[in-house]
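Below is one structure, written out as structure tokens; comments come after it.
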Amino acid sequence: MVDYKMLARVNTLTFNGLEVQSVDLQVQLASGLPNFVIVGLPDKAIAESKERVRSALQSIGLQIPAKRIVINLAPADLLKEGSHFDLPIALAVLAVMGVISADKLTKYMVMGELGLDGSILQVNGVLPAALAAKRYGLGLICPKKQGSEAIWAGLEDVVAANSLTELLNHLKEINLLPLPEAKKADKVTSLLDMADVKGQETAKKALEIAAAGGHNILMVGPPGSGKSMLAARLPGILPPMSVEEAIETSMIHSIAGELKDGKISFERPFRDPHHNASTPALVGGGRKASPGEISLSHNGVLFLDELPEFNRATLEALRQPLENGYVSISRVNAHTVYPAKFQLVAAMNPCRCGHLGDHALECARAPVCAQEYQAKISGPLLDRIDIQIEVPAVSPWDLSGVKKGESSASIRERVIRAREFQQKRLQELSEDCNCINSRLKGALLEKVAVLDNDAEALLVAFADKNKLSARAYHRTLRLARTIADLQSESKILKLHIAEALSYRRSLSGKM
């Protein structure tokens, strides 16, 4: 005989960005008119879960008693969202019915969506949930295909099941489920090769420097000059992510539902949203404050083609994340922070027709049309882009040549050596070895960017003559530091400063 006043509890969670907030799910089966009530600020998906739970239990031959069932999601003043509450609700109901032991459930954090046939479906956020479970000293019950995510978090007690039947058999020790294996995503074998790009040696060198130091880059040139082609090949010369970077990036992709079958990728993300993307789509937001493209490209590359065609307000929203490495999304009832340490690669035409300077092709409104077009990119945004280069049209002689350029693999070797040079220097200074040159600040930048006398004199004179802002001055220092690293030079020389200054050109070609 079931004690209908008995209370069962299950540990589950809800999300605020990447932050996992613990939820104490309480179920009471009491006498009274048959009813199934969920309280504690549930959203629409949770309110509908009672029908999925009822059908899933019926599919395995169990009938919910015709009693009053009350589900409480504590704390009651915290908004709960997501279909991952299905499985914890079902297990709590089974525990209060006496089908499974309530004590066993207290050792786990539970998440999963239920199908009407009792299958356990994939949900978002398993990786951050597993990291939270580890902090709380709990195991994790999750969908079968996402068990690998939990293993990457370092959990030793993970129950990943395909169906409610499998899970019940495991909890009753009738048929134990194996521990999932940590899986890596397949390597992308079709990375585009820099050798395919003919001509554009200056742009290739600029991309190599950008890759070595994580610098932002803007390419300006006529249509068909190869700007998009060059940008698409940047991932092929970037070093792979470390385990820490891969997990940090995968957490964001897990929350966004873009982590496939629990496999972690060590390739740096490359995102290229269309220029009609809204501000919430690019920086994050919306009703659920979801991560945007800048967070999905965390530790990777964000490519914005046709830069002036983006909405002006959307581009201005990039200024704070470019500087701080995170984006803060504020709502009436929530404040969400997502990491956004991305490398911006932008491309644009010099004017609307794209042929400024070519008297045979440019429009009749030149150069006024160019001034209007380029004015869409604000000075403060340009100030945050370390490398600004012109990408001229490729000559037919370069295109007809059979000789290929340097491969991405050889360029990548130099980039990795430069990154290792940076890490070794930071180790000697007892600093964070994951801080790349583009993010050096304050006292650390002063320690790392040591100039000889000639280099310092050149930079100061140039900054004074051309009225460089403090930000532009320090970004030039960081860029020169990367150029020196590629040459394994411990001190920044005059030629490094000169090269760095040559990459900081405005859209008009003047400083």
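The values are calculated or read from the model by the stated rules, or taken from the named source; none is laboratory data. Keep in mind that this is a model prediction, so the values were computed, not measured. Neighbour counts are summed over all protein chains in view; Cβ atoms, including those assigned to glycine, are modelled from backbone coordinates with ideal geometry. The area values use the complete protein model at the heavy-atom level, side chains included, leaving out ligands, DNA and RNA. Shrake-Rupley method; radii C 1.70, N 1.55, O 1.52, S 1.80 Å.
State whether one or more residues within the stretch 138-145 are of a type outside the set (S, T, Y), in contact (Cβ under 8 Å) with a residue 60 or more places away in the chain and either buried (at least 23 other Cβ atoms within 10 Å of the Cβ) or not in a loop (DSSP other than H, G, I, E, B) (or both). The answer is yes, given that some residue of the stretch 138-145 is of a type outside the set (S, T, Y), in contact (Cβ under 8 Å) with a residue 60 or more places away in the chain and either buried (at least 23 other Cβ atoms within 10 Å of the Cβ) or not in a loop (DSSP other than H, G, I, E, B) (or both). Restricting attention to the stretch 112-130, the residues being surrounded by fewer than 22 Cβ atoms within 10 Å (Cβ to Cβ) and either over 25 Å from R52 (Cα atoms) or touching a helix residue (DSSP H, G or I) at 6+ places or on another chain (Cβ under 6 Å) (or both) number 5. Is it true that some residue in the stretch 396-406 is over 29 Å from A231 (Cα atoms), open to solvent by 40 Å² or more (accessible area, probe 1.4 Å), hydrophobic (A, V, I, L, M, F, W, C) and outside any helix (DSSP H, G or I)? Scanning the stretch 396-406, I find no residue that is over 29 Å from A231 (Cα atoms), open to solvent by 40 Å² or more (accessible area, probe 1.4 Å), hydrophobic (A, V, I, L, M, F, W, C) and outside any helix (DSSP H, G or I), so the answer is no.
Total residues in the stretch 324-344 satisfying the condition of being touching a residue at least 60 places away in the same chain (Cβ under 8 Å), closer than 17 Å to E244 by Cβ and open to solvent by 70 Å² or more (accessible area, probe 1.4 Å): the figure is 1. Quick check: anything in the stretch 266-275 open to solvent by 50 Å² or more (accessible area, probe 1.4 Å), within 23 Å of N16 (Cβ to Cβ) and among the charged types (D, E, K, R)? The answer is no; no qualifying residue exists. If you go through the stretch 271-329 and pick out every residue that is within 16 Å of F342 (Cα to Cα), touching a Gly at 6+ places or on another chain (Cβ under 8 Å) and either in a helix (DSSP H, G or I) or among the aliphatic types (A, V, I, L, M) (or both), you end up with 6. Of note, L62 satisfies the criterion of being without any contact (Cβ under 8 Å) to a residue 60 or more places away in the chain and not charged (D, E, K, R).
Could you check the stretch 182-239 and list, in sequence order, the residues that are farther than 13 Å from P392 by Cα, in contact (Cβ under 8 Å) with a residue 60 or more places away in the chain and of a type in the set (K, R)? Selection gives K183, K184, K187, R233.
Only one entry of G262, G236, G213, G284 meets the criterion of being under 15 Å from V301 (Cα atoms) and buried (at least 24 other Cβ atoms within 10 Å of the Cβ), and that entry is G213. Could you go through the stretch 160-168 and let me know if any residue there is part of a loop (DSSP other than H, G, I, E, B) and either within 30 Å of I385 (Cβ to Cβ) or open to solvent by 70 Å² or more (accessible area, probe 1.4 Å) (or both). Yes, the conditions are met somewhere in the stretch 160-168.
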